[in-house]
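**Q** The following block contains the structure, expressed as structure tokens.
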Number of protein chains: 2
Amino acid sequence: MLTGKSFIGNSRGAGSDICGSGINPANGEKLSPDTIAATSQEVQYALNIAEEAFFVYRQKSGAEKATFLRAIATNIEARIEEIVARGPLESGLPEGRMRGETGRTTGQLRMFADLLDEGSWLDARIDTAQPDRAPIPKVDLRSMLTGLGPVAVFCASNFPLAFSTAGGDTASALAAGCPVVVVAHSAHPGLAEIVAEAITEAANQTDMPEGVFSLLFSGGYSVGQTVVAAPEIKAVGFTGSLKGGRALMDIAAARPEPIPVFAEMSAINPVAILPSALGDNSESLATAASGSLTLGVGQFCTNPGLFFIPSEGAEAFTEKFVELTKQVAPATMLHGGICDSYKNGIYALNDQPNVETLLLVEHDQFGAAAPAIFRATTQEFVSNKVLSSEVFGPATLIVTYQDHDELLALAEYIDGQLTTSIFGNETDDIAELISVLDRKSGRVIFNQFPTGVEVCPSMVHGGPYPATSDGRSTSVGTMAIFRYTRSVSYQNFPQLALPAELQDQNPLGIKRLVNGKSE
Amino acid sequence: MLTGKSFIGNSRGAGSDICGSGINPANGEKLSPDTIAATSQEVQYALNIAEEAFFVYRQKSGAEKATFLRAIATNIEARIEEIVARGPLESGLPEGRMRGETGRTTGQLRMFADLLDEGSWLDARIDTAQPDRAPIPKVDLRSMLTGLGPVAVFCASNFPLAFSTAGGDTASALAAGCPVVVVAHSAHPGLAEIVAEAITEAANQTDMPEGVFSLLFSGGYSVGQTVVAAPEIKAVGFTGSLKGGRALMDIAAARPEPIPVFAEMSAINPVAILPSALGDNSESLATAASGSLTLGVGQFCTNPGLFFIPSEGAEAFTEKFVELTKQVAPATMLHGGICDSYKNGIYALNDQPNVETLLLVEHDQFGAAAPAIFRATTQEFVSNKVLSSEVFGPATLIVTYQDHDELLALAEYIDGQLTTSIFGNETDDIAELISVLDRKSGRVIFNQFPTGVEVCPSMVHGGPYPATSDGRSTSVGTMAIFRYTRSVSYQNFPQLALPAELQDQNPLGIKRLVNGKSE
């Protein structure tokens, strides 16, 4: 039974004011219950107990934290029918997507649990003393990673499970030893509450300290701003708009003690099609391109919002791409705000001089988006910033290039991206193109489309600004844990005062770097 | 023959205005030559060629970069007599320190060269495809670290070699594949020029692209500010004051594209002495404490500026500590500005109510500092922020505590530090104290003093703000390279389009994580 009330550790917030509710984006109808905003006292209490919990939680062994993460996964799975009943109503996403995203969420939690059990992620390093070294003795020094402190996590609208309450930010922060204060997204309060119950139950089942997890409901931005500015918080995870992410970055940078913000924000994920990829392959390429563009109503961070294609020889591709995409019916977007932004975005493109509209469907389906395709020349693209702004949803711009030099110039022109893709032949000389694209993006892809983000050790779901706030990070895959960690050195420590991970006898049996050699 | 002119790649800046010169801090006399400020055109040109050099330099193999770093080390050693002739004149540091610091500098360069040769620092990860996986195929994905782009490095006054032109920031940035634009420190232009010649010569000897290194002379702050704000620059390394570091952080955070700043800024390096460390050991402890406090005229970032000692039972320690420290003669500081700040700092402490002055020597030696020792109670310390401000130089404050709880409260009270130290007995129960101190500092030390920073894989010379701008980083040791790197994923790439480090046959023979297993 949903209540719309915050989770302040083990307690439920009494709240004060109604700050909204779930809304069915397919018809605009309000869903029960009302969401109740956390009071400022409740917010401060959640911060206080997160700080207190950090003392206890960071001392938990990897095995204990792994047990906690696995219990969260199990408890989420136990609520799958609640999730698939509520999720589609408040997100517009179909049941199958809810089931798939639940699997991804629980898979991520278990991936981090496995990482904790294995232990080498800690980067344990031991340099033993050399008392006889001249001219000065060498001291005994050992280091390993530890958690930064309480982390604020903002739920994303486009992944109400996998990038939300128990999503990758929360899973990686908890794995790193950091308590989490989640700021719920106003668009899916029901899913936030269902998953928060699963986490709170797991924390109690596995003897985790109160405050290791809280979930705050709020209207507007003030609670999020308060949390990011709070001295108890030591890092931030966010997935959302460039405007929202940059606002959090600016708050964090202006604190008396600045803290890192890991915000995944804005990408148009350019796809460069080389002449060699066309010809006989044009039709299958167009089919795949249209599928990637319209998958999930174009609401993925890795949606291909930009195609670079040769100005000659791409007619078959373009024709087929438009034809197939035109057949995709309008579909409900995540919420009304996103749908309005999408419509504003495509009509803005439609209104640009020297931009051809290849596909723009008028329809009156409530809250829904129909795909749109535009075309411009390289010269037009590089002279009009509107053309390289993100339009979140199933819209794309085809930019035509005359030759390989013009393609390289396009690659140089684009901002930082989550992904860039190249379609061509294995024998094409693409070394220079790659050397431009891998400076601009976190993931470079050959002959595949960018949608579909594998959760694995080598995934970089990040990229230079404005794709993310910090191009040195990823929000997906095992490397995501490093966002919330720092190394600490222990010098000349008695064995028993050292963390078990750094003791001589290696009681946990983890991989370590000992006097410069992996052991 | 020194010229006082900037190094703009392979050219020497013509400059425009005289912006100062070296000054002998022991007598205030001006040293030849005048320093000539880089013009704004020269600054911009250095930035342009750094950006161009990045394209070429980042593609150099680890072995090629290692050869470059080793050539720099060799070329610096070839200039050792120039260094020891000039360095003491402009820094006040003795010849022995110049020789030692040169060894440290060349040692760091060779350490990073070895790291490049070994290759596992790249964190190469390979996850091979599983085309038959259900419900969706698994793609081939591989990742490794790469350099961020050109890095701005600011020379430190207190290490004119090891944290300056070819110091740890430059060595780690070059190792990461990043060109470096160094902003010289006004206090040691001669050493900057000698070392810059060594680097430029090495770049030419090893066929590195022009622009991989530049050195800018300037007066005031404007060139430094310009460089940090420049779009060509992708990260900053700095060692200096909190005020200076924070100013650079704020500039970097306000850029259209914010960039990371790694600033090592301010630490007082508290030393907690437990009752068990006193008694028979008081005298030897006092001797070591006095040695650490006065080493190098107290001008190390890890100088112990704060002692927590028991209010009872520490008389013998305190008496001996003061007695020994009183015997240390005034000595020349690095430059007049530091000396003035030191004097202001100690007289400010002397003027605080409820602070006892145990040692304050009046002297009239030009540009020199005499050690100073003050004492206050815990209650006074936690109620007066002046007492926990850094006084750079051989001054320290003894804070007396009544019991272990009061010591824990002191540990909780302090800001982020580079180091914290505990002196006690191996059987003392220090678990809780450690759990406070390792949240507050980058390195926790048992029964040793914090001065002396070993350059090795497990060294963390960093710490939570305000010790550094980013407590997740270190400026000393092999982990320093990670400040200037990001991971990039390559998906579904043809073998020959992959970097050699990620190709199936592992032509470089480096350690990699393949399908989750270290190989």
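The values are calculated or read from the model by the stated rules, or taken from the named source; none is laboratory data. Because the structure is predicted, anything quoted here is derived from the model rather than measured. Neighbour counts are summed over all protein chains in view; Cβ atoms, including those assigned to glycine, are modelled from backbone coordinates with ideal geometry.
**Q** Considering every residue within the stretch B:339-349, establish whether at least one is in a loop (DSSP other than H, G, I, E, B) and either over 13 Å from B:ALA395 (Cα atoms) or at pLDDT 95 or above (or both).
**A** First, the residues of the stretch B:339-349 that are in a loop (DSSP other than H, G, I, E, B): none.
Within the stretch B:339-349, none of the residues are in a loop (DSSP other than H, G, I, E, B) and either over 13 Å from B:ALA395 (Cα atoms) or at pLDDT 95 or above (or both).
**Q** For the stretch B:283-303, enumerate the residues that are buried (at least 20 other Cβ atoms within 10 Å of the Cβ) and in contact with a Gly (Cβ under 9 Å, 6 or more places away or on another chain).
**A** Passing the criteria: B:SER292, B:LEU293, B:VAL297, B:GLY298, B:GLN299, B:PHE300, B:THR302, B:ASN303.
**Q** May I ask you to say which residue of A:GLY107, A:GLY4, A:GLY92 is at negative phi, in contact (Cβ under 8 Å) with a residue 12 or more places away in the chain and not aliphatic (A, V, I, L, M)?
**A** A:GLY107
**Q** Does the stretch A:203-210 include one or more residues that are under 20 Å from A:GLY100 (Cα atoms) and either part of a loop (DSSP other than H, G, I, E, B) or at pLDDT 95 or above (or both)?
**A** Checked against the condition, which is being under 20 Å from A:GLY100 (Cα atoms) and either part of a loop (DSSP other than H, G, I, E, B) or at pLDDT 95 or above (or both), the stretch A:203-210 yields no hits at all.
**Q** Inspect all residues belonging to the stretch A:141-156 and state whether any of them is among the charged types (D, E, K, R) and out of contact with any helix residue (DSSP H, G or I) (no Cβ under 6 Å at 6 or more places or on another chain). Spell out the reasoning first.
**A** Step one: filter the stretch A:141-156 for residues among the charged types (D, E, K, R), giving A:142.
Next, only the ones that are out of contact with any helix residue (DSSP H, G or I) (no Cβ under 6 Å at 6 or more places or on another chain) stay: none.
No: zero hits.
**Q** Another one. Is it the case that A:TYR413 is among the aromatic types (Phe, Trp, Tyr), in contact with a strand residue (DSSP E or B) (Cβ under 7 Å, 6 or more places away or on another chain) and more than 10 Å from chain B (Cβ to nearest Cβ)?
**A** no
**Q** Which one of the conditions (1) in a loop (DSSP other than H, G, I, E, B); (2) more than 7 Å from every other protein chain (Cβ to nearest Cβ) does B:LEU433 fail to meet, given that it meets all the rest?
**A** Failing condition for B:LEU433: (1).
**Q** Tally the residues that are touching a residue at least 40 places away in the same chain (Cβ under 8 Å) and either among the charged types (D, E, K, R) or closer than 21 Å to B:LEU295 by Cα (or both), restricting the search to the stretch B:369-387.
**A** Of the residues in that region, 5 qualify.
**Q** Here's another thing I want to ask about it. Collect the residues in the stretch A:56-101 that are within 14 Å of chain B (Cβ to nearest Cβ) and of a type in the set (Ser, Thr, Tyr), keeping them in residue-number order.
**A** Scanning the stretch A:56-101 gives a single hit, A:TYR57.
**Q** Right, another one. Yes or no: the stretch A:231-238 includes at least one residue that is in contact (Cβ under 8 Å) with a residue 12 or more places away in the chain, over 27 Å from A:PHE392 (Cα atoms) and either acidic (Asp, Glu) or touching a Lys or Arg at 6+ places or on another chain (Cβ under 6 Å) (or both). Walk me through it before giving the result.
**A** Residues of the stretch A:231-238 that are in contact (Cβ under 8 Å) with a residue 12 or more places away in the chain, as a first pass: A:231-238.
So of that shortlist, the ones also over 27 Å from A:PHE392 (Cα atoms) come out as A:231-234.
From what is left, the residues that are either acidic (Asp, Glu) or touching a Lys or Arg at 6+ places or on another chain (Cβ under 6 Å) (or both) are A:232.
Within the stretch A:231-238, one or more residues are in contact (Cβ under 8 Å) with a residue 12 or more places away in the chain, over 27 Å from A:PHE392 (Cα atoms) and either acidic (Asp, Glu) or touching a Lys or Arg at 6+ places or on another chain (Cβ under 6 Å) (or both).
**Q** While we're here: What do you reckon, is B:ILE259 buried (at least 22 other Cβ atoms within 10 Å of the Cβ), at pLDDT 95 or above, assigned to a loop (DSSP other than H, G, I, E, B) and β-branched (Val, Ile, Thr)? Full working, then the answer.
**A** Values: buried (at least 22 other Cβ atoms within 10 Å of the Cβ): yes; at pLDDT 95 or above: yes; assigned to a loop (DSSP other than H, G, I, E, B): yes; β-branched (Val, Ile, Thr): yes.
So B:ILE259 passes the test.
**Q** Okay, next question. Given the residues A:ALA235, A:ALA247, A:ALA253, which is the only one that is crowded, with 23+ Cβ neighbours inside 10 Å and within 14 Å of chain B (Cβ to nearest Cβ)?
**A** Residue meeting the stated conditions: A:ALA235.
**Q** Just name the residue that is farthest from the chain's Cα centre (by Cα) out of those in the stretch A:27-50 that are surrounded by fewer than 18 Cβ atoms within 10 Å (Cβ to Cβ) and in a helix (DSSP H, G or I).
**A** Result: A:GLN41.
**Q** Now a separate question. Would you call B:ALA73 in contact with a Phe, Trp or Tyr (Cβ under 9 Å, 6 or more places away or on another chain) and farther than 19 Å from B:HIS188 by Cα?
**A** Spelling it out, it is not the case that B:ALA73 is in contact with a Phe, Trp or Tyr (Cβ under 9 Å, 6 or more places away or on another chain) and farther than 19 Å from B:HIS188 by Cα.
**Q** Among the residues of the stretch B:493-517, count how many are within 7 Å of chain A (Cβ to nearest Cβ), surrounded by fewer than 19 Cβ atoms within 10 Å (Cβ to Cβ) and touching a helix residue (DSSP H, G or I) at 6+ places or on another chain (Cβ under 7 Å).
**A** Summing the residues that are within 7 Å of chain A (Cβ to nearest Cβ), surrounded by fewer than 19 Cβ atoms within 10 Å (Cβ to Cβ) and touching a helix residue (DSSP H, G or I) at 6+ places or on another chain (Cβ under 7 Å) in the stretch B:493-517 gives 1.
**Q** Pick from the stretch A:461-492 the residues that are facing chain B (nearest Cβ under 7 Å) and of a type in the set (Phe, Trp, Tyr): which of them is nearest to the chain's Cα centre (by Cα)?
**A** My answer is A:TYR465.
**Q** Let me ask something else about it. Please determine whether any residue of the stretch B:171-192 is surrounded by fewer than 24 Cβ atoms within 10 Å (Cβ to Cβ), in a helix (DSSP H, G or I) and in contact with a helix residue (DSSP H, G or I) (Cβ under 8 Å, 6 or more places away or on another chain).
**A** No, because not a single residue in the stretch B:171-192 is surrounded by fewer than 24 Cβ atoms within 10 Å (Cβ to Cβ), in a helix (DSSP H, G or I) and in contact with a helix residue (DSSP H, G or I) (Cβ under 8 Å, 6 or more places away or on another chain).
**Q** Among the residues of the stretch B:119-157, which ones are buried (at least 24 other Cβ atoms within 10 Å of the Cβ), part of a loop (DSSP other than H, G, I, E, B), more than 10 Å from chain A (Cβ to nearest Cβ) and among the hydrophobic types (A, V, I, L, M, F, W, C)?
**A** B:CYS155, B:ALA156
**Q** Here's another thing I want to ask about it. Is it the case, given these coordinates, that B:VAL488 is part of a strand (DSSP E or B) and closer than 22 Å to B:ALA173 by Cα?
**A** yes
For (1) under 23 Å from B:LYS440 (Cα atoms); (2) of a type outside the set (Ser, Thr, Tyr); (3) more than 13 Å from chain A (Cβ to nearest Cβ); (4) assigned to a helix (DSSP H, G or I), each residue gets a yes or a no:
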| residue | (1), (2), (3), (4) |
| --- | --- |
| B:GLY296 | no, yes, yes, yes |
| B:ILE309 | yes, yes, yes, no |
| B:GLU312 | no, yes, yes, no |
| B:THR325 | no, no, yes, yes |
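**Q** In the stretch B:110-158, what count of residues is obtained for those that are without any contact (Cβ under 8 Å) to a residue 24 or more places away in the chain and charged (D, E, K, R)?
**A** 3
Here is a yes/no grid of residues against (1) within 14 Å of chain A (Cβ to nearest Cβ); (2) more than 26 Å from the chain's Cα centre (by Cα); (3) part of a helix (DSSP H, G or I):
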position: B:GLU380; (1), (2), (3): no, yes, yes
position: B:GLY393; (1), (2), (3): no, no, no
position: B:THR400; (1), (2), (3): no, yes, no
position: B:ALA409; (1), (2), (3): no, yes, yes
position: B:THR420; (1), (2), (3): yes, no, no
position: B:LEU437; (1), (2), (3): yes, no, yes
position: B:GLY442; (1), (2), (3): yes, no, no
position: B:ILE445; (1), (2), (3): yes, no, no
position: B:GLY452; (1), (2), (3): yes, no, no
